[in-house]
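The values are calculated or read from the model by the stated rules, or taken from the named source; none is laboratory data. Small disclaimer: the values here were computed from a predicted structure and weren't measured. All Cβ positions, even for glycine, are placed from backbone atoms using ideal geometry, and neighbour counts span all protein chains on display. Protein only, heavy atoms only, side chains kept; ligands, DNA and RNA dropped before computing areas. Shrake-Rupley method; radii C 1.70, N 1.55, O 1.52, S 1.80 Å.
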Amino acid sequence: MPQPSHPSRSRAFALSALLLPAALVLGGCAFTDHGERTTAPLTADAGAPEASASADPGDGLETPEDLTFEAGAVLGTRLRAQWGDSLVADADYTLTTPDDGNGNWAYTQNSTQCEVRFWQGDVSSIGSGEGDRALSDAVLATWLKVSPDEVTAAAQDDMVGYVPGTSGSTQVRVVAGSTQSGGSWVAAARGLTSFHGGFVVHVTCPEGQSAQSLYSTLRDDKLTLVVGPAL
């Protein structure tokens, strides 16, 4: 199977080796650090359009108009995917964790000190045979160090941006919680079974700032999965 391509973040990295910066456990309908339930659910939209190919069937470049969970199964074998990093040119953010060569990097929003962390890489070691939604839950579970069943019980379907196109969307699975220091966080993930690819964005805010609010602001045009022909 082809692996995801990461031009400046090229080395595949086992997701199971990532360390979450704060210890988090599952509690109720969201993840928290103290076993309590959070009561501020994310706004989710599961009503994505059905996939339709924009390339000739069989040429390896089949690209859906929207990257639904179902559409991930029809992605062409000559395509690759990666996060579209628009924060690098945004003066409101500072690159505080440069790319470590393993598909892991992060920005800090100057005004709030919220962190926006990205990861992308090979997830063949945690692959799911049940499609992109199940793989997305498995990616989140590994990132958060909980079981996939716990993620599935708590996560919601949501959407971030998608290229090609100016109005397309990528379905993701998302969970939210709080940190031991009183802050908040949101984690969204997408697994692509076609590539054995995993993609995570994790927004963490200090006490007094809202990770959900920042995630909602970013997701439409700053959190974008780019799918295109492999080089």
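Just read off the accessible area of Phe69 with the full protein assembly in place, 1.4 Å probe, to the nearest 10 Å².
Per-residue accessible area (Phe69): approximately 10 Å².
How much length is gained on full extension from Lys145 to Leu95, taking 0.36 nm per residue of separation minus their Cα-Cα distance?
Separation in residues times 0.36 nm, less the Cα-Cα distance, equals 15.4 nm.
Within a Cβ distance under 15 Å of Cys114, other residues only, what is the Lys/Arg minus Asp/Glu net charge?
Its environment carries a net charge of -1.
Net charge around Ala89, counting only other residues with Cβ within less than 15 Å of its Cβ (Lys, Arg = +1; Asp, Glu = -1)?
So the environment of Ala89 carries a net charge of -3.
Please give the FRET efficiency for Val74 paired with Thr217, using the beta carbon to beta carbon distance and R0 = 25 Å, rounded to the nearest 0.05.
Calculated value: 0.20.
Counting pairs of alpha carbon atoms under 8 Å apart in space and at least six apart in sequence, what relative contact order in percent does the range 103-231 give?
28
Towards the positive end of the charge dipole of the range 98-231, with charges on Cβ (+1 Lys, Arg; -1 Asp, Glu), say which of Thr204, Ser147, Gln113 has the farthest Cα.
Going by the Cα projections, it comes out as Gln113.
Using a Förster distance of 22 Å, how high is the FRET efficiency between Ser111 and Ser86, based on the Cβ-Cβ distance and rounded to 0.05?
E between Ser111 and Ser86, to the nearest 0.05, is 0.80.
Considering only protein heavy atoms and a probe of 1.4 Å, how much of the accessible area of the range 104-178 is carbon and sulfur, as a whole percent? The partial results should precede the final answer.
Numbers: 1200 of 2550 Å².
Carbon with sulfur: 47 percent of the solvent-accessible area.
Using r as the Cβ-Cβ distance of Glu207 and Thr152, and R0 as 45 Å, what FRET efficiency do you calculate, to the nearest 0.05?
0.95
Net charge within 12 Å of Ala73 by Cβ-Cβ distance, Lys/Arg positive one each and Asp/Glu negative one each, not counting Ala73 itself? Write out the running numbers ahead of the final one.
Details: positive: Arg133; negative: Glu62, Glu70, Glu130, Asp132.
Neighbourhood net charge equals -3.
Within the range 116-146, list the trypsin sites (Lys or Arg not before Pro) lying in a DSSP loop whose Cβ has at most 14 other Cβ atoms in a 10 Å radius.
Those satisfying the criteria are Lys145.
Give, rounded to the nearest 20 debye, the magnitude of the charge dipole that the range 78-231 has about its Cα centre when Lys and Arg contribute +1 at Cβ and Asp and Glu contribute -1 at Cβ.
240
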